[in-house]
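Notes to accompany the following structure.
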Amino acid sequence: MNVIIVGAGNIGSSLTSKLSDLGHRITVIERNSKAVSLVPRGRVDSGAITVIHRDGSTGAGMLEGGISDADVFIAATGKDSLNGLAAQRAKTIFGVEKVMAVVADDDTRILYESLGISTINKATLASDRLVSVLIEEA
Amino acid sequence: MYLVIVGGGKVGAPLASSLINEGHEVFVLDHDPDVVASLQRELGMIATTGEATSVRALQDAGAARAGALIATTDSDADNLATCQLARTNFDIARTIAIAHSPENSELFDRSGVDLVVSATDLVLANLTTALPAHPLIRLMPVADRSQELVAIKLPAAGTAIGRTLSELRLPYGTKIVLIITAAGQSKPPDSDAIIETEDEIIALSPTNSTAELWKLLTELR
């Protein structure tokens, strides 16, 4: 699948690595050129991951990231409302089927879920990981 | 009416003050304690500190009993989120938001914001009106801004001069309301009315067709 991920912070980069491991084609859109150090360098060099330095919440940034061919759009910046705006643009304006947003606030998570946006919760992600580690160890 | 304004900055503060003068009950929410302190000094205890996207803060600001919420922060993302949170959590009757980026006007509109104020459109409308050549004056928005009443002054050597109204290919939905001649006489906008030099045309125009109408009427030979 073609996956666009906006934001290359901790969550964006870790999602990038995992989805790339599964064989998906990833385009990371990150405004700050210094903030992509967590994206696996080798995959970028081999072309499996594309990195674009634009504002991925804007229509122009999304188009440059190939939104018209995207199967999945994930907004993973550090700001809930920006992730919500970007996800709604991807869904409403560009018609992307599967749209996800990283959200920290619980009320905001409920709002976006009600709009058909899947949410990824920072805290839940961490606790899920903890639980799976504990289960593996047990 | 009780109104919640989110964002007490360049737009929110003067808006609060003018709505209070009009007799409304107003409460302002802003994340910056300095902004809140300054509003309290000038307008009384009508502001509180809190995040635009926090349901708790919206509740503290009285969103549950507000007739409308107006989002005026510098962030389009926050303006959209605060309107949507207010709508879903407090069933607020009317949400109004500023869209700083032009592309966000459509998105806000389609995302359930009741009234979108495009900052760019406002500036452009004022600039267009201020330009001396072929003036376009936006007289009044109509029907939730989907249409507008405009006045367009025709140039002396325009391609429209000498033609009848029916010969002009007006944009779909445009209604000519009145024609005012250079001498200040009005003439009815019948289909056989002939356009003359320096006529001023008053039209009811679908907002997204106004630029096309203006171009059609002011195109030079």
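The values are calculated or read from the model by the stated rules, or taken from the named source; none is laboratory data. Values in this document were obtained by computation on a predicted structure and should not be read as measured data. Here the Cβ is made from the backbone with ideal geometry for all residues, glycine too, and neighbour counts use every protein chain on show.
Numbers for the structure displayed
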{"read-out": "Pairs, first more than 9 Å from every other protein chain (Cβ to nearest Cβ) and in contact (Cβ under 8 Å) with a residue 12 or more places away in the chain in segment B:99-122, second among the acidic types (D, E) and surrounded by fewer than 20 Cβ atoms within 10 Å (Cβ to Cβ), C-beta under 7 Å, six or more apart", "value": "B:L115/B:D144; B:V116/B:D109"}
{"read-out": "Among (1) surrounded by fewer than 17 Cβ atoms within 10 Å (Cβ to Cβ); (2) over 30 Å from B:S118 (Cα atoms); (3) in contact (Cβ under 8 Å) with a residue 40 or more places away in the chain, the one test that B:E219 misses", "value": "(2)"}
{"read-out": "Residue, surrounded by the most Cβ atoms within 10 Å (Cβ to Cβ), within segment B:116-129, restricted to residues that are among the hydrophobic types (A, V, I, L, M, F, W, C) and within 28 Å of B:Y2 (Cβ to Cβ)", "value": "B:V116"}
{"read-out": "Residue count for segment B:102-115, restricted to those that are crowded, with 18+ Cβ neighbours inside 10 Å and more than 15 Å from B:R87 (Cα to Cα)", "value": "3"}
{"read-out": "Residue check for B:G173: under 28 Å from B:R110 (Cα atoms) and assigned to a loop (DSSP other than H, G, I, E, B)", "value": "yes"}
{"read-out": "Positions within segment B:152-170 being of a type outside the set (K, R) and outside any loop (DSSP other than H, G, I, E, B), in sequence order", "value": "B:I152, B:G158, B:T164, B:L165, B:S166, B:E167"}
{"read-out": "A:V44 being farther than 22 Å from B:S111 by Cβ and in a strand (DSSP E or B)", "value": "no"}
{"read-out": "In segment A:21-69, the residues that are farther than 16 Å from A:N2 by Cα and among the aliphatic types (A, V, I, L, M)", "value": "A:A35, A:V36, A:L38, A:V39, A:A60"}
{"read-out": "Every residue from segment B:5-25 that is touching a residue at least 24 places away in the same chain (Cβ under 8 Å), within 18 Å of B:I98 (Cα to Cα) and touching a strand residue (DSSP E or B) at 6+ places or on another chain (Cβ under 8 Å)", "value": "B:I5, B:V6, B:G7, B:G8, B:G9, B:V11, B:G12, B:A13, B:L15, B:A16"}
{"read-out": "Some residue of segment B:77-90 being touching a residue at least 12 places away in the same chain (Cβ under 8 Å) and exposed (fewer than 15 other Cβ atoms within 10 Å of the Cβ)", "value": "no"}
{"read-out": "Among the candidates B:G67, B:G50, residue that is surrounded by fewer than 23 Cβ atoms within 10 Å (Cβ to Cβ), in contact with a helix residue (DSSP H, G or I) (Cβ under 8 Å, 6 or more places away or on another chain) and not charged (D, E, K, R)", "value": "B:G50"}
{"read-out": "Set A:V39, A:V28: member being more than 14 Å from every other protein chain (Cβ to nearest Cβ), part of a loop (DSSP other than H, G, I, E, B) and crowded, with 20+ Cβ neighbours inside 10 Å", "value": "A:V39"}
{"read-out": "Among residues of segment A:72-124, those that are aromatic (F, W, Y) and within 11 Å of another protein chain (Cβ to nearest Cβ), counted", "value": "2"}
{"read-out": "Elements of type helices (runs of 4 or more DSSP H) in segment A:59-123, at least 2 residues being free of Cβ contacts under 8 Å to residues at least 40 places away in the same chain and surrounded by fewer than 16 Cβ atoms within 10 Å (Cβ to Cβ)", "value": "A:59-64, A:106-114"}
{"read-out": "Segment B:67-85, subset more than 10 Å from every other protein chain (Cβ to nearest Cβ) and of a type in the set (A, V, I, L, M, F, W, C), residue farthest from A:A87 (Cα to Cα)", "value": "B:A68"}
{"read-out": "Unmet requirement for B:V142, which otherwise passes all of (1) among the β-branched types (V, I, T); (2) touching a residue at least 60 places away in the same chain (Cβ under 8 Å); (3) surrounded by 17 or more Cβ atoms within 10 Å (Cβ to Cβ)", "value": "(3)"}
{"read-out": "Single condition B:D91 does not satisfy, out of (1) away from chain A (no Cβ under 14 Å); (2) modelled with pLDDT under 95", "value": "(1)"}
